[in-house]
Amino acid sequence: RLIMDKAYDTKTDYKKDAEFCSLIKGIDINDDLNFRTALSLTALVSSVDREMKGSNEQYCYDMMKVVNEKVTNPKLRRMMVRIICNDYFTYGDGSGDMKTFIPKIEAFAGKDSDIVAPYKQLAISKENTKAGKVAPDITLNTVDGKQVQLKDLINGKFTYIDVWATWCGPCCKEIPHLEKLVEKFKGNDKVQFISISTDMDANAWKGKLAKDKPQWAQYILTPENDKKFAEQWGITGIPRFIMIDSTGHIFSANASRPSEEETAKTIAEQTK
């Protein structure tokens, strides 16, 4: 762990560290204590040379191969089924061939295929929200309780949507960066910024807005629409950022964050 942390700080590859390689060889990945202390997971991940990138599809296939070759501990195998599903469906960019991947991960899971079942809906959501598809509509509430439709808000503008909640630390950390984006494109009538809260406590949301006084549109999902919205867009965690083009078609269902440089570049390119 110390070697890995040092490699992270120095931006080097811990898998190429001689001491790390020596230590990792001594780990019995199927030992229950090693499983419970995450040493088994560290050893497995370090044995896959391919980096997680894009859809993570090939990385997941490499990991399946390693697990099939090395893992006999049923608890470790079950955990790896869940991790591989997360690597593909949650952290992948959705560019892979899901129709091919799903039967492969089900076959790999075997008796643990119950873990894969919830991800099938996520796969459908990712397929339905690929770039170029019409953005799904949803009913939103304003601060004063009025209802509006998302499709009516697009109004011919490139739209950057922030999906957040007051209780979400990473969400709140992105707000100052979003404020800078809003200021940067102030006066550009080809783009708009919208925040959609998933808070169940509307009063907490209203209190946060009263304190921060954001200078862009704010909406909240009704409790009955929260689950529907998450399923529409395949949202498994927040913050989540979405880009919709001026015609109401999806530009990116999982867009870069306000804190990332590419976000401003993309918005500028799409609103020339």
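In region 122-145, the residues that are on the phi > 0 side of the Ramachandran plot form Cβ pairs under 7 Å with partners that are surrounded by fewer than 17 Cβ atoms within 10 Å (Cβ to Cβ), at six or more places apart or across chains, as follows: 132/249. Scanning region 52-84 for residues that are at negative phi, at pLDDT below 95 and of a type outside the set (D, E, K, R) returns 52, 55. Quick test for you: out of 253, 217, pick the one residue that is in contact with a Lys or Arg (Cβ under 9 Å, 6 or more places away or on another chain) and either under 16 Å from residue 162 (Cβ atoms) or in contact (Cβ under 8 Å) with a residue 12 or more places away in the chain (or both). Being in contact with a Lys or Arg (Cβ under 9 Å, 6 or more places away or on another chain) and either under 16 Å from residue 162 (Cβ atoms) or in contact (Cβ under 8 Å) with a residue 12 or more places away in the chain (or both) holds for just one of 253, 217, which is 253. Any idea how many residues of region 88-114 are open to solvent by 20 Å² or more (accessible area, probe 1.4 Å) and at negative phi? Counting residues in region 88-114 that are open to solvent by 20 Å² or more (accessible area, probe 1.4 Å) and at negative phi gives 15.
Across region 220-229, what is the number of residues that are open to solvent by 30 Å² or more (accessible area, probe 1.4 Å) and in contact (Cβ under 8 Å) with a residue 24 or more places away in the chain? Looking only at that region, the number is 2.
Quick test for you: out of 271, 247, 263, pick the one residue that is open to solvent by less than 20 Å² (accessible area, probe 1.4 Å), out of contact with any Ser or Thr (no Cβ under 8 Å at 6 or more places or on another chain) and of a type in the set (S, T, N, Q).
271
At least 2 residues being within 26 Å of residue 23 (Cβ to Cβ) and of a type in the set (Lys, Arg) is the threshold, and among the helices (runs of 4 or more DSSP H) wholly inside region 38-114 those reaching it are 57-70, 74-85. Can you tell me which residue is surrounded by the most Cβ atoms within 10 Å (Cβ to Cβ) among those in region 115-139 that are outside any helix (DSSP H, G or I) and among the small types (Gly, Ala, Ser)? The selected residue is 135.
Listed by first and then second residue, the pairs with beta-carbon distance under 6 Å, at least 6 apart or on different chains, first residue in region 47-58 and without any contact (Cβ under 8 Å) to a residue 12 or more places away in the chain, second among the aliphatic types (A, V, I, L, M) and in a loop (DSSP other than H, G, I, E, B), form an empty list. Can you tell me which residue in region 22-37 is farthest from the chain's Cα centre (by Cα), limited to those that are assigned to a helix (DSSP H, G or I) and under 25 Å from residue 75 (Cα atoms)? Selected residue: 23. Inspection of region 70-90 identifies no residue that is in contact with a His (Cβ under 9 Å, 6 or more places away or on another chain) and in contact (Cβ under 8 Å) with a residue 40 or more places away in the chain.
Determine, yes or no, whether residue 163 is surrounded by fewer than 20 Cβ atoms within 10 Å (Cβ to Cβ) and either on the phi > 0 side of the Ramachandran plot or outside any helix (DSSP H, G or I) (or both). Give the steps one after another, and end with the answer.
Details: surrounded by fewer than 20 Cβ atoms within 10 Å (Cβ to Cβ): no; either on the phi > 0 side of the Ramachandran plot or outside any helix (DSSP H, G or I) (or both): yes.
Answer is no for this residue.
Under the condition of being in contact (Cβ under 8 Å) with a residue 40 or more places away in the chain and in a helix (DSSP H, G or I), which residue from region 180-201 is surrounded by the most Cβ atoms within 10 Å (Cβ to Cβ)? Here the residue is 181.
The values are calculated or read from the model by the stated rules, or taken from the named source; none is laboratory data. As the structure is a computational prediction, the values presented were derived from the model and not from experiment. A quick note on method: Cβ atoms are made from the backbone with ideal geometry, for glycine too, and the neighbour counts reach across all protein chains shown. Heavy atoms of the whole protein, side chains included, go into the accessibility calculation; ligands, DNA and RNA do not. Shrake-Rupley method; radii C 1.70, N 1.55, O 1.52, S 1.80 Å.
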